[in-house]
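Below is one structure, written out as structure tokens; the observations come after it.
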Amino acid sequence: MAGNWKMYKTPADTTAFFDKFRPLTEKSEHCEIVICPPFTSLSAAVDAVKGSAIRIGAQNIAWAREGAFTGEISGPMIAAAGATHAIIGHSERRQYFGETDETVLKRTQAALEFGISPIVCVGERLEERESGNTEAVLVRQFLKGIAGLTEQQFAKIVIAYEPVWAIGTGKTATPEIAADAHRVIRAQVREKYGKEGAEAIRILYGGSVKPDNTKSLMAQPEIDGVLVGGASLDPVSFASIINF
């Protein structure tokens, strides 16, 4: 169960969030909990979850160890802040900041090199779904952005399916639509990494996940967890999603 805070919360806001959130999830042992604040709040988040099972992740990661990459944050820097995960290829990075399938692969490989667990995002835009190209888009994103990993590397990633048309729009893919997309992704995994790889990979659903639709989404055997945006900003709301 992962939360993506996007461009919200200062370090002080982050501390206040965890003061409320920790007591609500201290007995939540059925899942892995990862929260991804902005880079400037990583250290505050890491401090706030000390002694708990909650993990902290970054929202992006550079593909280089260091160098002349203004505005980028590297794997060693993220690890030094105490974070263990990184979201890679989020649709907003693809839409606004020129992220491509090729750079997604480079960032994923860098994350693995520096001991960071990648949450790799795939998903189609509204016009791609309406023109019947959902499967083709997911296959392309998998082949160019993920399939370049070795079996050993692939075993360490999580995939998140997030239809772009359902992010921040209030529209949610029905559990059936989401499960269909997860099946497409898992079939690609099976073809490239075998039956074991397909059974082991965790595929999360992201896109207007809320407390009132989590149970129906998680009832789908294909859906292994959720990547939550807006609803993860409120400690009570996100805790109720985790404890669905």
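The values are calculated or read from the model by the stated rules, or taken from the named source; none is laboratory data. What you see is a predicted model; the values in this text were computed from it and never measured. Here the Cβ positions follow ideal geometry from the backbone for every residue, glycine too, while neighbour counts run over all protein chains shown.
Exactly one residue out of Tyr205, Tyr193 is crowded, with 18+ Cβ neighbours inside 10 Å, in a helix (DSSP H, G or I), of a type outside the set (S, T, N, Q) and at pLDDT 95 or above, and it is Tyr193. Taking residues in region 230-243 that are more than 12 Å from Ser28 (Cα to Cα) and part of a helix (DSSP H, G or I), and partners anywhere that are of a type in the set (Asp, Glu) and modelled with pLDDT of 95 or more, the pairs with Cβ atoms closer than 9 Å and at least 6 places apart or on different chains are Pro235/Asp19. If I ask for residues that are small (Gly, Ala, Ser), out of contact with any Gly (no Cβ under 6 Å at 6 or more places or on another chain) and either closer than 13 Å to Trp63 by Cβ or not in a helix (DSSP H, G or I) (or both), which ones from region 78-88 would you list? If the condition is that a residue be small (Gly, Ala, Ser), out of contact with any Gly (no Cβ under 6 Å at 6 or more places or on another chain) and either closer than 13 Å to Trp63 by Cβ or not in a helix (DSSP H, G or I) (or both), then Ala81, Gly82 are the ones that fit. On inspection, Ala86 passes the criterion of being in contact (Cβ under 8 Å) with a residue 24 or more places away in the chain, aliphatic (A, V, I, L, M), touching a helix residue (DSSP H, G or I) at 6+ places or on another chain (Cβ under 9 Å) and closer than 20 Å to Gln153 by Cα. Of all residues in region 57-86, those satisfying the criterion of being under 15 Å from Thr108 (Cβ atoms) and hydrophobic (A, V, I, L, M, F, W, C) are Ala58, Ile61, Ala62, Trp63, Ala64, Ile78, Ala86. When region 173-182 is filtered for residues that are outside any helix (DSSP H, G or I) and surrounded by fewer than 20 Cβ atoms within 10 Å (Cβ to Cβ), only Thr174 remains.
The condition of being free of Cβ contacts under 8 Å to residues at least 40 places away in the same chain and not aromatic (Phe, Trp, Tyr) holds for only one of Ala198, Ala155, that being Ala198. Taken together, the residues in region 19-77 that are closer than 18 Å to Ile88 by Cα, basic (Lys, Arg) and assigned to a loop (DSSP other than H, G, I, E, B) amount to 1. Among residues belonging to region 16-59 that are buried (at least 19 other Cβ atoms within 10 Å of the Cβ) and touching an Asp or Glu at 6+ places or on another chain (Cβ under 8 Å), point out the one that is nearest to Phe97 (Cα to Cα). In this case the residue turns out to be Ser41. State whether one or more residues within region 158-165 are over 27 Å from Ser28 (Cα atoms), modelled with pLDDT of 95 or more, in a helix (DSSP H, G or I) and touching a helix residue (DSSP H, G or I) at 6+ places or on another chain (Cβ under 6 Å). No, every residue in region 158-165 fails to be over 27 Å from Ser28 (Cα atoms), modelled with pLDDT of 95 or more, in a helix (DSSP H, G or I) and touching a helix residue (DSSP H, G or I) at 6+ places or on another chain (Cβ under 6 Å). Of the residues that make up region 49-68, is at least one over 20 Å from Cys121 (Cα atoms) and among the β-branched types (Val, Ile, Thr)? Yes: region 49-68 contains one or more residues that are over 20 Å from Cys121 (Cα atoms) and among the β-branched types (Val, Ile, Thr). Taken together, Ile185, Ile146 contain a single residue that is touching a residue at least 60 places away in the same chain (Cβ under 8 Å), in contact with a Phe, Trp or Tyr (Cβ under 8 Å, 6 or more places away or on another chain), among the β-branched types (Val, Ile, Thr) and surrounded by 15 or more Cβ atoms within 10 Å (Cβ to Cβ), which is Ile185. Scanning region 119-143 for residues that are crowded, with 21+ Cβ neighbours inside 10 Å and at positive phi yields one hit, Gly123.
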